[in-house]
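A quick write-up on the structure given underneath.
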Amino acid sequence: MQQSQQVIDETKKWINEVVIGCNFCPFAAKVVKQQKVHYQVEKSLKEQVCLEVFLKALVYLDDNENIETSFLIFSHAFSHFADYLHLVDDAEMLLQESGYEGIYQVASFHPNYLFAGAKENDAANYTNRSIYPMLHLIRETSIDEALVAFKNPDAIPQNNINFAQQKGLVYMQMLRDSCKNQ
């Protein structure tokens, strides 16, 4: 249990220092402050088990309407980005097959995240480079409500890219890495 708590604590630090600190998600601070985030660590190395846990995480959100968003953190699996992308594809397919499309959305974060067409050393990749592979489950209604109050939400991704590139690769890497206890 202690190891899982450390993974959660490190993830919370990453969310606060990187996601909120860099304003990559302008909606995150409010949800974190209101304590409406659920964190779950999955240690299995088997994709099928991880997908079953993913489905249970969706049911957990159904049963807990006070939780706005959930992070399913894979502390031991999917270290290779290609394997992780396969998990993301399967999770999104499961989301659709289970009738959750349009109810929940999946965002993806990985230590080696690489945007399509981007170079590996592009600092912009750090907008999605977390300290652990994880799936972020978000209520669609929460996204819709947040977007109503936000001017020009379509600019968020480009603003994030500009910020990360302005700060540079070394800064973004050090910021992310400082969130993990060695």
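Within the stretch 92-115, work out how many residues are among the aliphatic types (A, V, I, L, M) and either touching a residue at least 60 places away in the same chain (Cβ under 8 Å) or under 23 Å from Lys12 (Cα atoms) (or both).
Of all residues in the stretch 92-115, those among the aliphatic types (A, V, I, L, M) come to 93-95, 103, 106-107, 114.
Imposing the further condition that a residue be either touching a residue at least 60 places away in the same chain (Cβ under 8 Å) or under 23 Å from Lys12 (Cα atoms) (or both) reduces the set to 106-107, 114.
Number satisfying all stated conditions: 3.
Residues Ser70, Ser79: which one is within 16 Å of the chain's Cα centre (by Cα), at pLDDT 95 or above and assigned to a loop (DSSP other than H, G, I, E, B)?
Working: Ser70 fails: assigned to a loop (DSSP other than H, G, I, E, B).
Only one candidate passes the filter, namely Ser79.
Considering the stretch 18-36 alone, what residues qualify as being more than 16 Å from His110 (Cα to Cα) and either part of a helix (DSSP H, G or I) or polar (S, T, N, Q) (or both)?
Across the stretch 18-36, the qualifying residues are Ile20, Asn23, Ala28, Ala29, Lys30, Val31, Val32, Lys33, Gln34, Gln35.
Test of understanding: among Ile138, Ile156, Ile103, Ile161, which residue is under 18 Å from the mean Cα position of the chain (by Cα) and under 24 Å from Val7 (Cβ atoms)? It would help to see each step written out before you state the result.
Values: Ile156 fails: under 24 Å from Val7 (Cβ atoms); Ile103 fails: under 24 Å from Val7 (Cβ atoms); Ile161 fails: under 24 Å from Val7 (Cβ atoms).
Within the list Ile138, Ile156, Ile103, Ile161, the selection yields Ile138.
The rows are residues; the columns are (1) exposed (fewer than 14 other Cβ atoms within 10 Å of the Cβ); (2) closer than 30 Å to Ile161 by Cα; (3) among the acidic types (Asp, Glu).
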residue: Gln6; (1), (2), (3): no, yes, no
residue: Glu10; (1), (2), (3): no, yes, yes
residue: Gln35; (1), (2), (3): yes, yes, no
residue: His76; (1), (2), (3): no, yes, no
residue: Ser108; (1), (2), (3): no, yes, no
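Condition first: hydrophobic (A, V, I, L, M, F, W, C), more than 23 Å from Leu87 (Cβ to Cβ), in contact (Cβ under 8 Å) with a residue 24 or more places away in the chain and in contact with a helix residue (DSSP H, G or I) (Cβ under 9 Å, 6 or more places away or on another chain). Now tell me which residues in the stretch 129-182 satisfy that. Write out each step before concluding.
Step one: of the stretch 129-182, the residues hydrophobic (A, V, I, L, M, F, W, C) are 131, 134-135, 137-138, 143, 146-150, 155-156, 161, 163-164, 169-170, 172, 174-175, 179.
Retained after the next criterion (residues that are more than 23 Å from Leu87 (Cβ to Cβ)): 146-150, 155-156, 161, 163-164, 169-170, 172, 174-175.
With in contact (Cβ under 8 Å) with a residue 24 or more places away in the chain added as a condition, the list becomes 146, 150, 156, 161, 163-164, 169, 172, 175.
Passing the criteria: Ala146, Phe150, Ile161, Phe163, Ala164, Leu169, Met172, Leu175.
The values are calculated or read from the model by the stated rules, or taken from the named source; none is laboratory data. Keep in mind it's a predicted model, so treat the numbers as computed, not measured. With ideal geometry, Cβ positions are generated from the backbone for all residues, glycine too; neighbour counts draw on all protein chains shown.
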